[in-house]
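Here is the structure we will look at.
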Amino acid sequence: LGEGRVISAGDDFAVRYWDSKLGITSSLGAHQAKILQMDLAPDGTRFATASWDRTARVWPLFSNAPPVEMSGHSTTVNDVIFSPDGARLYTASSDGSIRLWDSTTGDIQRVLIEHGFGINKLAIAADESWLAYGAIDGATRVLKLPEGTPIADFTADRRPVLALAYSPDTDLIAVGDAHGYIMMIDAARWRIADDFKATLSGPIWALAFSPDGRNIHAGGLDNA
């Protein structure tokens, strides 16, 4: 959130607000199981959480209103991502589906895809023209929005996909997998720009681009 303010969530089910300048910590609420992922709305007034309790929730940052709950997945929700205008929320689940919701009401708009294997990660274009996903079976695919029809398939013989990141500045998608590889996808031409082993033995758990998109930072690296 900037200026020493942080929202955190994790295995203790809780969502917490931290302000290092004021030295305060407060609980915003909790899920019924561990929380795997969060996403901040583009306008900075709300954030979303994905939980093993089979729900996603959208929480207000500047009011005491309860969170809006998205319920309908049959098993764990692994990732959440807002549309660029914040009006919609995409969720990915171990049930193999990606679902689209109204982020204000929590109403489901459609099931975008039924992949068949658990989907771990999502990334979205800055203009919402495509959605990329990575799955437990190693699938790395891109869907055209709003139709949900396939654009490209970059599935490699590695499993599972554990991390995705997108930089609109360089139009690159970074994909990290359990075998320690990072694949760079050129989203302007829909081709693989690079594919390299980034660790000695451990998986890639998280990826983030630098502000200018020229560098990629990876988390959860070597076990060696």
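The values are calculated or read from the model by the stated rules, or taken from the named source; none is laboratory data. It should be emphasised that the depicted structure is a prediction, and the values quoted were computed from it without experimental measurement. Cβ sites come from the backbone with ideal geometry, for glycine too, and all protein chains shown count toward neighbours. To get the accessible areas, we keep the full protein, side chains included, count just its heavy atoms, and leave off ligands, DNA and RNA. Shrake-Rupley method; radii C 1.70, N 1.55, O 1.52, S 1.80 Å.
What the table shows:
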item: Residue check, Ala126 modelled with pLDDT of 95 or more, within 17 Å of the chain's Cα centre (by Cα) and surrounded by 22 or more Cβ atoms within 10 Å (Cβ to Cβ); result: no
item: Some residue of segment 207-220 being among the hydroxyl-bearing types (Ser, Thr, Tyr) and closer than 15 Å to Leu122 by Cα; result: no
item: Matching residues in segment 151-171 - criterion: being open to solvent by 40 Å² or more (accessible area, probe 1.4 Å), assigned to a strand (DSSP E or B) and not aliphatic (A, V, I, L, M); result: Asp153, Tyr166
item: Members of segment 172-224 that are surrounded by 14 or more Cβ atoms within 10 Å (Cβ to Cβ), under 20 Å from the mean Cα position of the chain (by Cα) and hydroxyl-bearing (Ser, Thr, Tyr); result: Tyr181
item: Qualifying strands (runs of 3 or more DSSP E) (wholly inside segment 1-54; at least 2 residues being hydrophobic (A, V, I, L, M, F, W, C) and closer than 24 Å to Pro84 by Cα); result: 5-9, 35-40, 46-51
item: Residue ID - least open to solvent (accessible area, probe 1.4 Å), chosen from residues in segment 4-32 that are of a type in the set (A, V, I, L, M) and farther than 23 Å from Ala208 by Cα; result: Ala14
item: Long-range neighbours under 7 Å by Cβ, at least six apart or interchain, first residue under 19 Å from Ala56 (Cβ atoms) within segment 6-33, second acidic (Asp, Glu) and surrounded by 16 or more Cβ atoms within 10 Å (Cβ to Cβ); result: His31/Asp53; Gln32/Asp53; Ala33/Asp53
item: Residue within segment 134-147 that is touching a residue at least 12 places away in the same chain (Cβ under 8 Å), part of a strand (DSSP E or B), among the hydrophobic types (A, V, I, L, M, F, W, C) and surrounded by fewer than 15 Cβ atoms within 10 Å (Cβ to Cβ) present; result: no
item: Count of residues meeting criterion [farther than 18 Å from Tyr90 by Cβ, touching a Lys or Arg at 6+ places or on another chain (Cβ under 9 Å) and either open to solvent by 50 Å² or more (accessible area, probe 1.4 Å) or among the aromatic types (Phe, Trp, Tyr) (or both)] in segment 33-51; result: 0
item: Single residue of segment 62-74 satisfying the filter (touching a strand residue (DSSP E or B) at 6+ places or on another chain (Cβ under 6 Å) and assigned to a loop (DSSP other than H, G, I, E, B)) that is surrounded by the fewest Cβ atoms within 10 Å (Cβ to Cβ); result: Gly72
